[in-house]
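The structure under discussion appears below in the form of structure tokens.
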Amino acid sequence: MKGSENTMNPKYEITDIAHEKYPFLHRIRALRDVGIEVRAGDLGGFVEGEFNLSQEQEDSSWLFDHAIAAGCACVDRDSSLRGEAIACGQAYITQRSALSGHARAEDSAYIRGAVLREYARVSGTAMVLNTPGTGQYPKLSGHCTVYGTVAGAVEVTGTTVILWEEKIRNTTRDTLVLDGTDRAVIRHPSAEELRPSRPPSEAQKKARKKERER
């Protein structure tokens, strides 16, 4: 086994099974159960080295099927690559991110808590980020390409291209949909509801009064 010399990795080993097209990549094999899907002995995707996939025992990150993590790319914190997804260059895939299909994260891309499907690609110094504490996260699909920043409840699909200096951030409960040159908003069900709120404090009343007197 390629990884048999390193006894410090209790999670997986790197086997002698080389990738047909890229022989410097080798399949991994689980040395223990990983998460709820992977059992000890199961084969996984391909890596270039142990630095490509977290070795932490409590981390359920994994490469499934023919997925690849190569170069200095890193997959950790319960993230997964499936199908023929690729993480390469110095891409960092973290915090329950999920890549599938032919999705690709390359160069210095940073993927945090996001979903990439089909032929979605994240390149350059792009950042695709969830919103911590809210459960909102970006979804990329189709043949879209992101070079800039996408954060929050944003769906990017079709042939949409997010350029280097573009920042698409959604901090609301609604979902912003970008499809080519088209843009749409899917309203969150709770956005149409009216709820009681606390009366304004004395400080807020004074601030409003001053604003009106200007």
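The conditions are (1) buried (at least 17 other Cβ atoms within 10 Å of the Cβ); (2) within 22 Å of the chain's Cα centre (by Cα); (3) among the small types (G, A, S), and G49 fails exactly one of them. Which is it?
Every listed condition holds for G49 apart from (1).
Among the candidates I14, I36, I68, single out the residue that is touching a helix residue (DSSP H, G or I) at 6+ places or on another chain (Cβ under 9 Å) and over 26 Å from T145 (Cα atoms).
On the way: I36 fails: touching a helix residue (DSSP H, G or I) at 6+ places or on another chain (Cβ under 9 Å); I68 fails: over 26 Å from T145 (Cα atoms).
Sole residue among the options that is touching a helix residue (DSSP H, G or I) at 6+ places or on another chain (Cβ under 9 Å) and over 26 Å from T145 (Cα atoms): I14.
I'd like to verify a number: residues in the range 15-40 that are closer than 18 Å to A69 by Cα, open to solvent by 10 Å² or more (accessible area, probe 1.4 Å) and more than 24 Å from the chain's Cα centre (by Cα), how many? Before you say what the answer is, go through the steps one by one.
Here is the first cut: in the range 15-40, the residues closer than 18 Å to A69 by Cα are 15-30, 34, 38.
Retained after the next criterion (residues that are open to solvent by 10 Å² or more (accessible area, probe 1.4 Å)): 16-24, 26-27, 29.
Applying the additional criterion that residues be more than 24 Å from the chain's Cα centre (by Cα) yields 16-24.
The qualifying residues number 9.
Are any residues in the range 55-68 buried (at least 22 other Cβ atoms within 10 Å of the Cβ) and assigned to a loop (DSSP other than H, G, I, E, B), and if so, which ones?
Within the range 55-68, the subset buried (at least 22 other Cβ atoms within 10 Å of the Cβ) is 61-63, 67-68.
If the condition is that a residue be buried (at least 22 other Cβ atoms within 10 Å of the Cβ) and assigned to a loop (DSSP other than H, G, I, E, B), then S61, A67 are the ones that fit.
Going by the structure shown, is L43 of a type in the set (A, V, I, L, M, F, W, C) and open to solvent by 40 Å² or more (accessible area, probe 1.4 Å)? Explain how you work it out, then say what you get.
On the way: of a type in the set (A, V, I, L, M, F, W, C): yes; open to solvent by 40 Å² or more (accessible area, probe 1.4 Å): yes.
When the stated conditions are applied, L43 passes them.
The values are calculated or read from the model by the stated rules, or taken from the named source; none is laboratory data. In this text the structure is predicted, and so the values were computed from the model without any measurement. As a convention, Cβ positions derive from the backbone with ideal geometry for all residues, glycine included, and neighbour counts pool all protein chains shown. Note: areas computed on protein heavy atoms with side chains; ligands, DNA, RNA excluded. Shrake-Rupley method; radii C 1.70, N 1.55, O 1.52, S 1.80 Å.
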